[in-house]
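To start, the structure under review is shown below, and the notes come after it.
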Amino acid sequence: MLVALGAAIPEVGREAVFGTPATQVAVLFALFAALAGFVAVIRGTTGLAQAAVAGALSIASGVVAALAVGYLFDGTFPLLALLPLHSALALAVLARATLRQPTP
């Protein structure tokens, strides 16, 4: 949703912390990290792959949280911060779920 809003409404893209292209890349990275986390949790991945996916999810959560803070304190679109705030929290929870050891 954030990528679509940034691409469709130029004001929203300009107000993003990283600018329009970098914001789109950051949000798409978060999407792919979330998909990798989902697959890792479903398959019960362990070891280095588990740590790599959890690390990517943590980085994605931080980047999305930075986007949220930028929108929150920008003043033009403060309610738009709710989208990335919710996503950052969901990415952090998924990172934690990825780090849990699967039960035998």
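The values are calculated or read from the model by the stated rules, or taken from the named source; none is laboratory data. Just so you know, these numbers come straight off a predicted model, no measurement behind them. We place every Cβ from the backbone using ideal geometry, glycine too, and count neighbours over all the protein chains shown. Just the protein is used for accessible areas: all its heavy atoms, side chains included, with ligands, DNA and RNA removed. Shrake-Rupley method; radii C 1.70, N 1.55, O 1.52, S 1.80 Å.
Could you report the chain's accessible area per residue, 1.4 Å probe, as an integer in Å²?
Working: 6170 Å² over 104 residues.
Counting only protein heavy atoms, the per-residue value for the chain is 59 Å².
Which whole-angstrom value gives the distance between the alpha carbon centres of the range 6-62 and the range 67-81?
19
So, with a 1.4 angstrom probe, what is the percent of accessible area on the chain that is carbon and sulfur? Before the final figure, lay out the partial values.
Numbers: 4540 of 6170 Å².
Looking at the chain in its full context, I get 74 percent from C and S.
Can you match Rg and Dmax of the Cα atoms in Å to one of these, (1) 14.8, 51; (2) 13.7, 44; (3) 14.0, 47, based on a calculation from the structure here?
(1)
What percent does the relative contact order of the chain come to when contacts are Cα pairs within less than 8 Å and at least six residues apart? Each step should come with its number before you reach the end.
Values: 123 pairs, mean separation 31.6, N = 104.
With pairs under 8 Å counted, the relative contact order is 30 percent.
Rounded to the nearest 500, what is the chain's calculated 222 nm mean residue ellipticity when only DSSP H runs of at least 4 contribute -39500 (n - 2.57) each, over all residues?
Only helices count here, giving -26500 deg cm²/dmol.
Mind checking the angle between helix 82-99 and the chain's longest principal axis? C-alpha axes, 0 to 90 degrees, to the nearest 10.
Roughly 10 degrees, rounded to the nearest 10.
Could you tally the net charge around PHE38, taking each other residue with its Cβ under 15 Å from the Cβ of PHE38, Lys/Arg +1 and Asp/Glu -1? Numbers along the way, then the final one.
Working: positive: ARG43, ARG96, ARG100; negative: none.
Combined, the nearby Lys, Arg, Asp and Glu give +3.
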